[in-house]
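Here's the structure we're looking at; comments come further down.
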Amino acid sequence: MKVLETKNAPGAIGPYSQGFEVNGFIYTSGQIPVDPATGEVPAGIAAQAEQSCKNVGAILEAAGAGFGKVFKTTCFLADMGDFAAFNEVYAKFFTSKPARSCVAVKDLPKGVLCEIEAIAAK
């Protein structure tokens, strides 16, 4: 097992890692829309979805992979009313259309509107 860590994605805010590489697979922790350079969260679902995608991408890149290698995502939304706007941004990054679960949750860390985790092949 190899711990994945990059300064191009937000650092863990708890007892977990940004991701792991295990047996040729990459598992990312859920990525909320925190800008790793500033620590700020952008306003609105479109900007937050984009930042979450960029954070997932940074971890994939640190592992030597990219969005085209992702075969499963799990997406969490604070409001299912944001589903269409979230999908519009998500589709720009996950062009290979991986298998996905998308659920609404009561709350997300730091009060953000979305979170994305991914599983990819190396």
Consider the range 97-122. How many of its residues are surrounded by 19 or more Cβ atoms within 10 Å (Cβ to Cβ) and β-branched (Val, Ile, Thr)?
2
For the range 73-101, pairs from a residue that is over 14 Å from residue 56 (Cβ atoms) to a residue that is part of a strand (DSSP E or B), with Cβ under 6 Å and 6 or more apart or across chains, are 77/104; 77/114; 80/104; 99/72; 101/74
Would you tally the residues in the range 44-96 being part of a helix (DSSP H, G or I), open to solvent by less than 10 Å² (accessible area, probe 1.4 Å) and of a type in the set (Ser, Thr, Tyr)?
1
Selection within the range 11-20 - in contact (Cβ under 8 Å) with a residue 12 or more places away in the chain, in a loop (DSSP other than H, G, I, E, B) and open to solvent by 20 Å² or more (accessible area, probe 1.4 Å):
11, 12, 13, 16, 17
Over the range 21-38, the set of residues open to solvent by 40 Å² or more (accessible area, probe 1.4 Å) and on the phi > 0 side of the Ramachandran plot is 23
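The values are calculated or read from the model by the stated rules, or taken from the named source; none is laboratory data. Keep in mind that this is a model prediction, so the values were computed, not measured. Glycine gets a Cβ as well: all are built from the backbone with ideal geometry, and neighbour counts include every protein chain shown. Just so you know, the surface numbers come from the protein's heavy atoms only, side chains and all, with ligands and any DNA or RNA stripped out. Shrake-Rupley method; radii C 1.70, N 1.55, O 1.52, S 1.80 Å.
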